[in-house]
Structure formats: C-alpha cells, structure tokens
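The values are calculated or read from the model by the stated rules, or taken from the named source; none is laboratory data. If you're wondering where the values come from, they're calculated on a predicted model, not measured in any experiment. All Cβ positions, glycine included, derive from the backbone under ideal geometry; neighbour counts span all protein chains shown.
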Amino acid sequence: MSRLENVTLTNMCMIYDGSKVLIQDKTDADYHGITFPGGHVEKGESFTDAVIREVWEETGLRISSPVLCGIKDWTNDDGSRYMVLLYKTSKFEGSPTSSDEGEVRWLELDEMRKLPLAEGMDKMLEVFLNDDISEYFFRKVEGKWTEELK
C-alpha cells in the first residue's frame, strides 16, 4: 500500500497585539465570514515564507517569527488531503490594509467571537489559544463529517 497522497497545503495566522487580533471578513464564496488571514503554500516555498507572504498580500502587514501552533486537516472524497498550518505572532510592522480577500481590522478577541465566524473558526480558535490542543481534524464516518480536537 502506497503511503503517498496528494496534499493541498495552506496556512492561517493569528496576529495579535495584547487582547486584540487582526480579523479578516473573508468574502470568498466557498469560505466566508470572520477569520484570520492566510492562503496557499506555493510549490517549493517554505511554510514560514508562505505565511509571511500571505499575510503581507492580504493585510499589508510584515509579520516576523510566526510560531506554528497547530493544524486543521481532513481527507476529501477523492482521497486527497487538505491541511491548514496554523500560526500565530505578535511581531509585525505596518498598518493593516484590506485586500480583495476581505476587509481587515483590529478587534478585541471577545468581540470577534460575537461576529459571524467562518465555518469551523470557533474550533480553530481553540487550537490557536489552547496549548494542549494541536489539531482540528475532520473525518467522515458513515457519510457524515465528524470533528475532533486533539
């Protein structure tokens, strides 16, 4: 049995300044709502360089020292895996600028939780904020998706 699988690699970054986080109101038809900036890892690109680039493209902020704090992952019906590498950092330069990915702004974390979050963002926040949780995993059981925090 082959251990090889097709994998799509993406990232997301929680940028924080004290009790405030930089939120993005994502406008994509497939993934919309309040979330953190991020995107795809390009072929041959390091994971760290990818999250720094994606944050720059979507927010205008130059982040540094992003720390990998967890992953979100699942296997699609076609057998390919989708992984979101979750990072956080409080080190940044510049002022947030919205992009065509969505409006960005600083918000108190408690206020963020009251807004219409992107699908699964409530669970991802647990990974970002709880050092004892490192994975948000989806699995299909008898045709129905189940979610697990590990």
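Worth pointing out:
- Extreme residue, surrounded by the most Cβ atoms within 10 Å (Cβ to Cβ), among residues of segment 30-79 that are over 21 Å from Ser90 (Cβ atoms) and among the aromatic types (Phe, Trp, Tyr): Trp74
- Complete set of residues in segment 120-138 that are hydrophobic (A, V, I, L, M, F, W, C) and either under 8 Å from Lys72 (Cβ atoms) or at pLDDT below 95 (or both): Met124, Val127, Phe137, Phe138
So that you can scan it fast, the table gives a plain yes or no per residue for (1) of a type outside the set (Val, Ile, Thr); (2) without any contact (Cβ under 8 Å) to a residue 24 or more places away in the chain:
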site: Arg3; (1), (2): yes, yes
site: Tyr16; (1), (2): yes, no
site: Ile23; (1), (2): no, no
site: Glu54; (1), (2): yes, no
site: Thr59; (1), (2): no, no
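- Scanning segment 62-88 for residues that are under 18 Å from Leu129 (Cα atoms), in a strand (DSSP E or B) and not hydrophobic (A, V, I, L, M, F, W, C) yields a count of 5.
- Scope segment 1-26; condition over 14 Å from the mean Cα position of the chain (by Cα) and closer than 30 Å to Gly79 by Cβ; matching residues: Met1, Ser2, Arg3, Leu4, Glu5, Asn6, Val7
- Every condition in (1) in contact with an Asp or Glu (Cβ under 8 Å, 6 or more places away or on another chain); (2) at positive phi holds for Gly94 except the one numbered (1).
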